[in-house]
Amino acid sequence: MLNTADILETISMIRQENLDIRTITMGISLFDCVSEDENRLCDKIYDKITKSAEHLVQTGIDIEKQYGIPIVNKRVSVTPISLIGGTISPEGYIKIAQTLDRAADTLGINFIGGFSALVHKGFTVGAQNLISVIPYALRDTNKVCSSVNVATTKAGINMDAVKLMGSTIRKTAELTADRDSIGCAKLVVFANVPQDNPFMAGAFHGIGEPETVINVGVSGPGVVSSAIERAGDCDLSTLADIIKKTAFKITRVGQLVAGEAASRLGVPFGIVDLSLAPTPAIGDSVARILENMGLESCGCHGTTAALAMLNDAVKKGGVMASSHVGGLSGAFIPVSEDEGMIAAVASGNLSIEKLEAMTAVCSVGLDMIAIPGDTTEEVISAIIADEISIGVANTKTTAVRVIPVIGKDVGETVSFGGLLGYAPIIPLRTASPAKFIHRGGRIPAPIHSLKN
Amino acid sequence: MKAVITVTGKDNVGIIAGVSALCADKGANILDITQSVLSEYFAMIMLADIDTLSIPFADFVDLLAAYGNDRGLVVSAMHEDIFNTMHHI
């Protein structure tokens, strides 16, 4: 039966420690919208999305009321648009992006993901056309998110795509320079992309998914951080146990909300994503968890070990709490969206090299990192290549979402507003990787025996 | 279905009476109640049956929150399932 301590613990998690459901994301298949006429295609896409997710936002609000837990975002992910658009013209792809944006406005959701292409082995005409207009699509829309998968462990790395994404990110930054290059905050490059991720900017509705599905992402860095603080001077075995128990409780709420949303909407439940997702708010930071574990500042030596333990314990606790786990499932370390990460970069304790090392042991990758506005496209491609290699070699998801802030340099700060937060511009290495990047071709898939 | 109603804030005359009256008025049957006052700080937890509510639960939640706001109290009502799933395997 319920006891007072349990009730008060739950209430304090929600009120004081920022426990929330980060997102309810409805995945919608658009395969039945395919048409060779781009106007007809756009009409069908608009109708399908607005009809399928008609009650999504209201359902989210109702569940919020029922359980007294904030549900921060209600979102939609769709089938990768390059698979739906096929050989329609690049202009047609821009029209689709605008259609997605319009549908998102009608529904009242805050992001729609799936302006995406999967090119880990090579480009279809559709993928090529879509990628060619990503900068324009992100300039002309507000809520559309785009992602491109350039590598998998089985296929290796498509370095032509890596090169192309370097210039695409650069171009997106230039086209949205008047808004601190915010277009790049809605564009992510993946290795081993998950097909059921509810988190933006990388969400899309994968090809093996049902017609529609409900995926839920939980949050809760503040809850984990407070639990560690309360534990005091215990050893790391005890700490791992505390994190597991806390992750279990957080994930149970995610499972409850996911099940309720799925049943109210009459849509199958997909997965709960176990990621610890921070926000720029005080008390909602993954970096501060690591510091509560005993590091003077996130980014100092020991950070990778602490993060590896945290990530593993969150998964162990979360897996038992949910019937189906998926998506990215790991601690997020976005710089601009995490108050502690921002402070660590500003104080010079957290470098891009350390962030890269951290991504080897957690999801999702180099995320929301503001880099100097004069960074060349080859350097951006090389950042992608490095990060993607970590994912491919370790059979895990990694991703890159960097923002070259046009007109700004190291020492300056950029603010994106809302959940996207703010960030100091991080310094990069300046020696040129251009010759390596311009070679193009594919880096072969890694061998998975002879492990060392 | 049951809901957990919690009331926290500065102690004052008639908090339990007020919240109980609101429950009675809207058809929520109070099953259990526990309260404490710690250095003028009032905390009450109520378990109520909401099957007989005369208004939608979401409206009841808003009504309680508004009642609390007017009196400097934080009043919330949450479905018991959130506590059950979080604390029981």
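Considering the zone a paramagnetic label at B:GLU40 would reach in this model (a point 7 Å from Cα along the Cα-to-Cβ line), which residues of the range B:6-21 have amide N under 15 Å from it? The answer is B:9-13, whose backbone nitrogens lie closer than 15 Å to the label point. Residue by residue along A:62-73, Cβ atoms of other protein chains within 10 Å of the local Cβ number 4 on average. Sequence-distant or interchain residues sharing an amide H contact under 5 Å with A:SER146, placed H: which? Here A:LEU187, A:VAL188 satisfy the definition. What does the C-alpha gyration tensor say about the overall shape of the range A:138-225? Classify as rounded when a/c is under 1.5, otherwise prolate if a/b is larger than b/c, or oblate. Here the range A:138-225 falls in the oblate category.
Distance from the alpha carbon centroid of the range A:238-312 to that of the range A:125-180 works out to 29 angstrom. Computed extension length for A:LYS245-A:THR413: 56.7 nm, one decimal, from 0.36 nm per residue of separation with the Cα-Cα distance subtracted.
Within the protein assembly as shown, the proportion of C-alpha pairs whose separation exceeds 36 Å stands at 35%. Computed from backbone phi, the HN-Hα couplings of the range A:439-452 come to 4, x, x, 10, 8, x, 4, x, 7, 10, 10, 6, 6, 7 Hz, rounded to whole numbers (Karplus: 6.51 cos²θ - 1.76 cosθ + 1.60, θ = phi - 60°; Gly and Pro given as x).
Other residues within the sphere of radius under 11 Å centred on the Cβ of A:GLY330, judged by their own Cβ, net out at 0 (K and R +1, D and E -1). Averaged over the residues of A:8-17, the number of partner chain Cβ atoms lying within 10 Å of the residue Cβ comes to 3. Ordering A:ARG75, A:ARG252, A:ARG439 from the fewest to the most neighbouring beta carbons within 10 Å gives A:ARG439, A:ARG252, A:ARG75.
For A:LEU366, nonlocal amide neighbours, meaning residues 5 or more places apart or on other chains whose placed amide H falls under 5 Å from its own, are A:ALA399, A:ARG401.
When DSSP beta bridges are restricted to pairs lying wholly in the range A:216-437, around 20% turn out antiparallel. Per residue of B:74-85, other chain Cβ atoms within 10 Å of the residue Cβ number 6 on average.
Charges were assigned to the Cβ only: +1 to each Lys and Arg, -1 to each Asp and Glu. The resulting dipole of the protein assembly as shown about its Cα centre is roughly 1300 debye.
A simple packing score, the average count of other Cβ atoms within 10 Å per residue, orders the peptides A:195-208, A:313-326, B:52-65 as A:195-208, A:313-326, B:52-65, with the highest score first. When A:VAL414, B:VAL7 are ordered from fewest to most other Cβ atoms inside 10 Å of their Cβ, what list results? So the ranking, lowest neighbour count to highest, is A:VAL414, B:VAL7.
For a modelled paramagnetic label at A:GLN16, 7 Å from Cα along Cα-to-Cβ, the residues of the range A:209-223 in reach, with backbone nitrogen under 20 Å, are A:219-223.
Between the C-alpha center of the range A:317-331 and that of the range A:8-81 there is a gap of 19 Å. Highest average first, the peptides A:288-295, A:399-406 ordered by how many other beta carbon atoms sit within 10 Å of their residues are A:399-406, A:288-295.
Each Cα pair under 8 Å and six or more residues apart adds its separation to the average, and for the range A:216-437 the resulting relative contact order is 20 percent.
Take every pair of alpha-carbon atoms less than 8 Å apart whose residues are at least six positions apart; their mean separation over the length of the range A:151-195 yields a relative contact order of 43 percent. Taking a Cβ cut-off of under 10 Å around A:GLY417, the surrounding Lys, Arg, Asp and Glu residues balance to a net charge of 0, with basic ones at +1 and acidic ones at -1.
Its Cα centre serving as origin, the range B:2-87 has a Cβ charge dipole (Lys and Arg +1, Asp and Glu -1) of approximately 160 debye. Placing +1 on each Lys and Arg Cβ and -1 on each Asp and Glu Cβ, with no other charges, gives the range A:216-437 a dipole about its Cα centre of roughly 740 debye. Placing unit charges on the Cβ atoms of the charged side chains and taking the dipole of chain A about its Cα centre, the candidate lying farthest along the positive direction among A:ALA177, A:SER449, A:VAL267 is A:SER449.
For a modelled paramagnetic label at A:ASN452, 7 Å from Cα along Cα-to-Cβ, no residue of the range A:384-406 is in reach, as no backbone nitrogen comes under 18 Å. Two tests apply to each whole DSSP H helix in chain A, Cα reach of 18 Å or more along its axis and mean Kyte-Doolittle hydropathy of at least 1.0, and the ones passing both are A:377-393. Taking amide hydrogens as placed 1.01 Å from N in the peptide plane, the amide H of A:ASP273 sits under 5 Å from those of A:VAL216, A:GLY217, A:VAL218, A:GLY326, each at least 5 positions away in sequence or on another chain.
Toward the positive end of the charge dipole of chain A, with +1 on the Cβ of Lys and Arg and -1 on the Cβ of Asp and Glu, the farthest Cα among A:ALA346, A:ILE84, A:SER329 is that of A:ILE84. For the range B:2-87, relative contact order (Cα pairs under 8 Å, six or more residues apart, normalised by length) works out to 41 percent. Spin-label model, A:ASP37/B:ILE30: points 7 Å from Cα along the beta carbon direction are separated by 6.6 nm. Taking Cβ atoms as reference points and 12 Å as the exclusive limit, the residues near A:ILE88 contribute a net charge of -2, counting Lys and Arg as +1 and Asp and Glu as -1.
Cross-link partners for A:LYS95 among the lysines, with Cα-Cα distance under 28 Å and sequence neighbours closer than 8 places in the same chain left out: A:LYS44, A:LYS48, A:LYS51, A:LYS74, A:LYS121, A:LYS143, A:LYS163, A:LYS171, A:LYS186.
Read-outs: derived from the displayed coordinates by stated rules, not from any lab. These figures come from a predicted structure and were not determined experimentally. Cβ: placed from backbone, ideal geometry, glycine included. Neighbour counts: every protein chain shown.
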